[in-house]
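Please read the structure below before turning to the comments.
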Amino acid sequence: MNSSDVPLRVLIIDDDPERIKLVEEGLAANAVVHTASRTHGRLLLDMISRIGPDVIIMDCNSPDRDTIESLRLVARSNPKPIVMFVEEEGGDRMQDAIDAGVSAYVIDGLMPRRVRPLIDTAIARFRHMDGLRSELQKTKDDLAARKVIERAKGLLMQHHGMTEDQAFSSMRKMSQQQGKPIKDVASNVITILEMLANKAGELPE
């Protein structure tokens, strides 16, 4: 089955029946729409987990603190593309909402024919930003791993008289034998050697 044939799962969080109707009309073809009143915090996360929406549409003319925190919670725990309705552009709260995870926002004037293009734009922007976040996190993780490995190599060289190549080869061999990432092996090496050094009254560099 082509991905375009799979119904889009949409969660609308809104108290305005007319606006819900407009959105449903714009998504009449090939979409499964769930609606709910304004929901925050854990209840929102539970709803997202249960429904598994591809996109969330929220009414939030003036995002309050609870809404902003809920958006941040979603972004951390179960990130999804989010489209938000607003009456007018601008304002600190709106910028806070975008920073917290809103992928697109709709200024007053929603029409059914605009719904699907807006959602497609929000999903595309979310995927792009999510990809950038993943790349950034991988870079941070790789840097952290290198620091741990370098620290472990230094301790092996200091306490066992190994060369740098020997220290790395030793950890790589342990990694293969134990079926663990070399970063985890390096962390164990640091813990053990620092513990031994402390017992011996040494202070590791």
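The values are calculated or read from the model by the stated rules, or taken from the named source; none is laboratory data. This is a predicted model, so every value here is computed, not measured. Reconstructed Cβ throughout: ideal geometry from the backbone, glycine too, with neighbour counts over all protein chains shown. Please note that ligands, DNA and RNA were not included when accessible areas were found on the heavy atoms of the full protein model with its side chains. Shrake-Rupley method; radii C 1.70, N 1.55, O 1.52, S 1.80 Å.
Conditions (1) in contact with a Lys or Arg (Cβ under 8 Å, 6 or more places away or on another chain); (2) within 18 Å of Asp184 (Cβ to Cβ); (3) not basic (Lys, Arg), marked per residue:
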residue: Ala122; (1), (2), (3): no, no, yes
residue: Arg127; (1), (2), (3): no, no, no
residue: Ser134; (1), (2), (3): no, no, yes
residue: Asp142; (1), (2), (3): no, yes, yes
residue: Ala145; (1), (2), (3): yes, yes, yes
residue: Ile149; (1), (2), (3): yes, yes, yes
residue: Lys153; (1), (2), (3): no, yes, no
residue: Leu156; (1), (2), (3): no, yes, yes
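Just for the stretch 99-115: of the residues that are in contact (Cβ under 8 Å) with a residue 40 or more places away in the chain and over 11 Å from Val83 (Cα atoms), which one is most open to solvent (accessible area, probe 1.4 Å)? Step by step, filter the stretch 99-115, then rank; the result is Arg113. Taken as a whole, the structure leaves Val115 outside the set of residues that are assigned to a loop (DSSP other than H, G, I, E, B), closer than 26 Å to Ile48 by Cβ and modelled with pLDDT under 90. Considering Asn78, Asn61, the condition of being surrounded by fewer than 18 Cβ atoms within 10 Å (Cβ to Cβ), polar (S, T, N, Q), out of contact with any Pro (no Cβ under 9 Å at 6 or more places or on another chain) and modelled with pLDDT of 75 or more is satisfied by Asn78 alone. Only residues that are surrounded by fewer than 16 Cβ atoms within 10 Å (Cβ to Cβ) and touching a strand residue (DSSP E or B) at 6+ places or on another chain (Cβ under 8 Å) were counted across the stretch 12-33, and they come to 4. Within the option set Ala186, Ala167, being in contact with a Leu (Cβ under 8 Å, 6 or more places away or on another chain), surrounded by 14 or more Cβ atoms within 10 Å (Cβ to Cβ), assigned to a helix (DSSP H, G or I) and aliphatic (A, V, I, L, M) holds for one residue only, Ala167. Yes or no: Met129 under 30 Å from Ile57 (Cβ atoms), without any contact (Cβ under 8 Å) to a residue 40 or more places away in the chain and surrounded by 14 or more Cβ atoms within 10 Å (Cβ to Cβ)? Criteria met by Met129.
Select from the stretch 133-164 the residues that are in a helix (DSSP H, G or I) and among the hydroxyl-bearing types (Ser, Thr, Tyr) and list them in ascending order. Hits for the stretch 133-164 are Ser134, Thr139. Restricting Asp66, Asp15 to those that are among the charged types (D, E, K, R), farther than 14 Å from Val106 by Cβ and modelled with pLDDT under 75 reduces the list to Asp66. When the test is whether a residue is more than 30 Å from Val55 (Cα to Cα), open to solvent by less than 50 Å² (accessible area, probe 1.4 Å) and touching a Leu at 6+ places or on another chain (Cβ under 6 Å), Ala145 does not pass it. For the stretch 34-51, taking the residues that are part of a helix (DSSP H, G or I) and among the small types (Gly, Ala, Ser), the one that is most open to solvent (accessible area, probe 1.4 Å) is identified as Ser49.
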